[in-house]
2 protein chains.
Amino acid sequence: MASSNLAGEAETLLGLHHGDDILVLVNAWDVISARLVEEAGFPAVATTSAGVAASLGYPDGERIPVEEMLAAVKRISEAISVPVTADMESGYGLPADQLVERLLDAGAVGMNIEDSRHGEQESLAEAEAHGQLVAEIRAAAEAAGVHLVINARADVFLLADGPPEGRLDEAIRRGRLYRQAGADSVFVPAVEDEGVITALVQAIDAPLNVLVRAGSPPIHRLAELGVARASLGGGTTRAAYTVLKRLANEIRDEATASAINDPEIISHDAVNRLLE
Amino acid sequence: MASSNLAGEAETLLGLHHGDDILVLVNAWDVISARLVEEAGFPAVATTSAGVAASLGYPDGERIPVEEMLAAVKRISEAISVPVTADMESGYGLPADQLVERLLDAGAVGMNIEDSRHGEQESLAEAEAHGQLVAEIRAAAEAAGVHLVINARADVFLLADGPPEGRLDEAIRRGRLYRQAGADSVFVPAVEDEGVITALVQAIDAPLNVLVRAGSPPIHRLAELGVARASLGGGTTRAAYTVLKRLANEIRDEATASAINDPEIISHDAVNRLLE
């Protein structure tokens, strides 16, 4: 994507959160995965931090150096022509202005910024501190002339933080706070209950992002519930590499390789064409 | 792998070409794929140039800068403890001593070196010229104190070079020549016919590597035919990303995501454990 048009791409991405259809993000972790998602017709591509980190050799949770994460984002954004939104975890400890500058340099026009903090143990940031980070990112992006699409993540359910009966209220409180701080959408991962999802949609005055994982309502049902954005996260990566694991186990145990004979397997030429 | 032990690792890899069992290489293209193959119990990991290139955004055929290919090899070799053999295409135009030095720096103790040449069109190198390259690589490796395991590829069948009735003889001629030049094994991709495979095994006085792809005899049959080394090549990558493509298409068309609900899907925690 031409960096000269980042503002326009950001506007396009933002518009996808307010269209008639739910925005579905089939998260990519490298260039060929991003090209396949683009080729399938999706109007934007999101990265998965877990997937990018795994492909480059790091566990999830900000263990990957930010330079390597941004280099992966840049490889993807240079290879596709739809907007890219990058999972930037909790910001890698960078000041907001540096984070925004480097993210835009990498060609992304949207970002996830989560309120998990990755120390010895995962923990939830103070809501107000995370709201402040969101506000600083917003200010830095506006100063750069791009309405970066900020998807602020409230990880109350993901981290199972606090007593179960208080999580919905806390997620709503955080979502509202992040919205007021300048987030364009609020991401609450690890919610599957339709009542909880409906409550989040109704109580947070922002497009709601829900993670699609095993046990989630299907995407068409999420759309009916009012969810604006559904993302697959690292599940895409894990689904793909599960096939490699199964293939390796089959070769080890049976000395056959069924997945290679999949009649629908992408051809070598097709891969090359996607990358020309 | 500790670089201090490259010579020992190379010896281990070479031994796997002369054991009772066929050496099977489930080719990896990034760190998590390599870790999964290692975890499945395979005694060595080979890279696929096509897969590495695709993940980083390049079509196959030496379009990827050698620095990026070697960086991927290094990420893999640093993450696993079994020997790594790297697909180095036709050597990226590097002088043999530089190629060997950089490959060993990247932690690989084996390499594929193919007699395809990647210009405007793919073409077959003169056999003698490729034999000379193999000899130079062998000399450079010995000078470095490591018996790098050279898997010399004869691409007569892959490129469908010359009249069909002459290909077997030409592949045998090349295989013998590369063996005499110092190759440890000879790789003839794109042969599926059992008679052809048997003839190659019998005529080339070196362990034979066959590519497992759709239509190949199963690996247990290749072992019966006397094949010493069976590799999956870029088929592993394509099998995995076919699942991503299918998932993306299903989400687009049905708004469901079956692969995410695969009961055998690798968990987020399992991925992280593989990378700790």
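Say whether the condition of being more than 25 Å from B:GLU254 (Cβ to Cβ) and at the interface with chain B (Cβ under 7 Å from one of its Cβ atoms) is met by at least one residue in region A:222-232.
Kept after step one, since they are more than 25 Å from B:GLU254 (Cβ to Cβ), are these residues of region A:222-232: none.
Scanning region A:222-232, I find no residue that is more than 25 Å from B:GLU254 (Cβ to Cβ) and at the interface with chain B (Cβ under 7 Å from one of its Cβ atoms), so the answer is no.
Among the residues of region B:136-150, is there at least one that is at pLDDT 95 or above and within 14 Å of chain A (Cβ to nearest Cβ)?
The first filter runs over region B:136-150 and keeps only residues at pLDDT 95 or above, leaving B:136-150.
From the residues that got through so far, the ones that are within 14 Å of chain A (Cβ to nearest Cβ) too are none.
No, every residue in region B:136-150 fails to be at pLDDT 95 or above and within 14 Å of chain A (Cβ to nearest Cβ).
Restricting to region B:74-89, what's the tally of residues that are more than 11 Å from every other protein chain (Cβ to nearest Cβ), surrounded by fewer than 24 Cβ atoms within 10 Å (Cβ to Cβ) and within 25 Å of B:LEU244 (Cα to Cα)?
Total satisfying the criteria: 0.
Output yes when any residue across region B:75-93 is closer than 21 Å to A:VAL73 by Cβ and part of a helix (DSSP H, G or I), and no when none is. Full working, then the answer.
Just the residues of region B:75-93 that are closer than 21 Å to A:VAL73 by Cβ, to begin with: B:75.
Imposing the further condition that a residue be part of a helix (DSSP H, G or I) reduces the set to B:75.
Yes; the residues of region B:75-93 include at least one that is closer than 21 Å to A:VAL73 by Cβ and part of a helix (DSSP H, G or I).
For B:PRO207, state whether it is in contact with an Asp or Glu (Cβ under 9 Å, 6 or more places away or on another chain), away from chain A (no Cβ under 14 Å) and more than 23 Å from B:ARG117 (Cα to Cα). Quick ask: steps written out before the conclusion?
Working: in contact with an Asp or Glu (Cβ under 9 Å, 6 or more places away or on another chain): yes; away from chain A (no Cβ under 14 Å): yes; more than 23 Å from B:ARG117 (Cα to Cα): yes.
Here the answer is yes, as B:PRO207 does meet what is asked.
Name the single residue, out of those in region A:1-47 being part of a helix (DSSP H, G or I) and at pLDDT below 95, that is most open to solvent (accessible area, probe 1.4 Å).
So the residue we want is A:SER4.
I'm trying to understand the selection: among the residues of region B:208-229, which are within 16 Å of B:VAL26 (Cα to Cα), outside any loop (DSSP other than H, G, I, E, B) and touching a strand residue (DSSP E or B) at 6+ places or on another chain (Cβ under 7 Å)?
The answer is B:ASN209, B:VAL210, B:LEU211, B:ILE219, B:LEU222, B:ARG229.
Can A:VAL201 be described as closer than 25 Å to B:ARG252 by Cβ, open to solvent by 10 Å² or more (accessible area, probe 1.4 Å), at pLDDT 95 or above and among the aliphatic types (A, V, I, L, M)?
So A:VAL201 fits the description; yes.
Provide a single number: the residues in region B:233-275 that are of a type outside the set (Ser, Thr, Tyr), more than 7 Å from chain A (Cβ to nearest Cβ) and either touching a residue at least 60 places away in the same chain (Cβ under 8 Å) or open to solvent by less than 20 Å² (accessible area, probe 1.4 Å) (or both).
Qualifying residue count for the region: 2.
Return the residue satisfying two criteria in turn: it lies in region A:162-175 and is buried (at least 19 other Cβ atoms within 10 Å of the Cβ) and in contact with a strand residue (DSSP E or B) (Cβ under 9 Å, 6 or more places away or on another chain), and of such residues it is nearest to A:GLY215 (Cα to Cα). Talk me through it step by step, then tell me what you get.
The initial filter retains those residues of region A:162-175 that are buried (at least 19 other Cβ atoms within 10 Å of the Cβ), namely A:167-168, A:171-172, A:174-175.
Filter again for in contact with a strand residue (DSSP E or B) (Cβ under 9 Å, 6 or more places away or on another chain), leaving A:171, A:174-175.
Working: A:ALA171: 20, A:ARG174: 24, A:GLY175: 23 Å.
Across region A:162-175, the extreme among qualifying residues is A:ALA171.
Let me spell it out: the conditions are (1) over 20 Å from A:GLU62 (Cα atoms); (2) outside any helix (DSSP H, G or I), and A:TYR178 meets all of them except one. Which number is the exception?
Tallying (1) over 20 Å from A:GLU62 (Cα atoms); (2) outside any helix (DSSP H, G or I), A:TYR178 fails exactly one: (2).
Is it fair to say A:ALA154 is open to solvent by less than 10 Å² (accessible area, probe 1.4 Å), under 27 Å from A:GLN121 (Cα atoms) and within 18 Å of the chain's Cα centre (by Cα)?
Yes; evaluated as a whole, the condition is true for this residue.
Keeping to region B:186-229, report how many residues are farther than 23 Å from A:ASP269 by Cβ and touching a residue at least 40 places away in the same chain (Cβ under 8 Å).
Number of matching residues: 7.
Listed residues A:ASP253, A:ASP205; which is in a loop (DSSP other than H, G, I, E, B) and over 19 Å from the mean Cα position of the chain (by Cα)?
Checking each option against the conditions leaves just A:ASP205.
Taking the condition closer than 23 Å to B:GLY110 by Cβ, away from every other protein chain (no Cβ under 13 Å) and in a loop (DSSP other than H, G, I, E, B), does B:VAL191 pass?
Working: closer than 23 Å to B:GLY110 by Cβ: yes; away from every other protein chain (no Cβ under 13 Å): yes; in a loop (DSSP other than H, G, I, E, B): yes.
The answer is yes for B:VAL191.
Hey, could you check region A:43-61 for residues that are in contact (Cβ under 8 Å) with a residue 24 or more places away in the chain and at the interface with chain B (Cβ under 7 Å from one of its Cβ atoms) and say which is nearest to the chain's Cα centre (by Cα)? Step through it out loud before you land on a result.
Taking region A:43-61 as the starting set, the residues that turn out to be in contact (Cβ under 8 Å) with a residue 24 or more places away in the chain are A:43-52, A:54-55, A:60-61.
So of that shortlist, the ones also at the interface with chain B (Cβ under 7 Å from one of its Cβ atoms) come out as A:50, A:54-55, A:60.
Details: A:ALA50: 10, A:ALA54: 15, A:SER55: 16, A:ASP60: 13 Å.
Of everything passing the filter in region A:43-61, A:ALA50 is nearest to the chain's Cα centre (by Cα).
Could you run through region B:94-118 and say how many residues are modelled with pLDDT under 95 and part of a loop (DSSP other than H, G, I, E, B)?
Total meeting the criteria: 0.
The values are calculated or read from the model by the stated rules, or taken from the named source; none is laboratory data. Here the structure is a predicted model, which is why all the values come from computation and not from measurement. Using ideal geometry, Cβ is built from the backbone for each residue, glycine included, and neighbour counts are taken over all protein chains shown. Please note that ligands, DNA and RNA were not included when accessible areas were found on the heavy atoms of the full protein model with its side chains. Shrake-Rupley method; radii C 1.70, N 1.55, O 1.52, S 1.80 Å.
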